[in-house]
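Presented below is the structure to which this report refers.
The values are calculated or read from the model by the stated rules, or taken from the named source; none is laboratory data. Quick caveat: nothing in here was measured; it's all calculated off a predicted structure. Positions of Cβ are generated from backbone atoms using ideal geometry, with glycine treated the same way; all protein chains shown enter the neighbour counts. The protein model used for the area step is the full one, side chains on, heavy atoms only, and it has no ligands, DNA or RNA in it. Shrake-Rupley method; radii C 1.70, N 1.55, O 1.52, S 1.80 Å.
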Amino acid sequence: MYDFKLEYTFSDDKLADIDRQLNLLLTTRVGTMPLDRTFGLSMDYLDRPAAVAKSLYVAELVEKVSTFLPAIRVREVKWQAGADGRVLAKVVIDRA
């Protein structure tokens, strides 16, 4: 249902752990994680116009990353046009 593609190379296990946590956060629909129903993204942006969807996604992403992964912060989100009219987000993170 969701087409997330993560590309990465890690120099140590700590970075791999952060990637695993971020991947889980970005691919989990809010309300589906047992014991923490606030974990994940609402995905309400999926059927919105592109400009609205981008704004909603970035706002929720920044909020959820700061809440659930305080060791990192979202530096920027870069957008690219994908196949079939899809919009692809590249999330750039830094250590907090």
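At pLDDT 90 or above, of a type outside the set (Ser, Thr, Tyr) and farther than 22 Å from ASP19 by Cβ: is that true of LEU61 in this structure?
So LEU61 fails the test.
I'm trying to understand the selection: among the residues of segment 40-64, which are open to solvent by less than 30 Å² (accessible area, probe 1.4 Å) and over 12 Å from the mean Cα position of the chain (by Cα)?
TYR45, ALA53
Within the set of pairs 6+ apart or on separate chains, which have a first residue in segment 9-29 that is at pLDDT below 90, a second that is open to solvent by less than 50 Å² (accessible area, probe 1.4 Å) and among the aliphatic types (A, V, I, L, M), and C-beta atoms under 7 Å apart?
PHE10/ALA16; ILE18/ILE72
Within the set of pairs 6+ apart or on separate chains, which have a first residue in segment 46-75 that is in contact (Cβ under 8 Å) with a residue 40 or more places away in the chain and aliphatic (A, V, I, L, M), a second that is surrounded by 12 or more Cβ atoms within 10 Å (Cβ to Cβ) and not in a helix (DSSP H, G or I), and C-beta atoms under 9 Å apart?
Matching pairs, first to second residue: VAL65/ILE72; VAL65/ARG73; VAL65/VAL74; VAL65/VAL91; VAL65/ILE93; LEU69/ILE93; ILE72/ILE93.
Does segment 65-96 hold any residues that are within 12 Å of the chain's Cα centre (by Cα) and assigned to a helix (DSSP H, G or I), and which are they?
VAL65, SER66, PHE68
If I filter segment 76-87 down to residues being within 29 Å of LYS14 (Cβ to Cβ) and without any contact (Cβ under 8 Å) to a residue 24 or more places away in the chain, which single residue comes out as surrounded by the most Cβ atoms within 10 Å (Cβ to Cβ)?
In this case the residue turns out to be VAL77.
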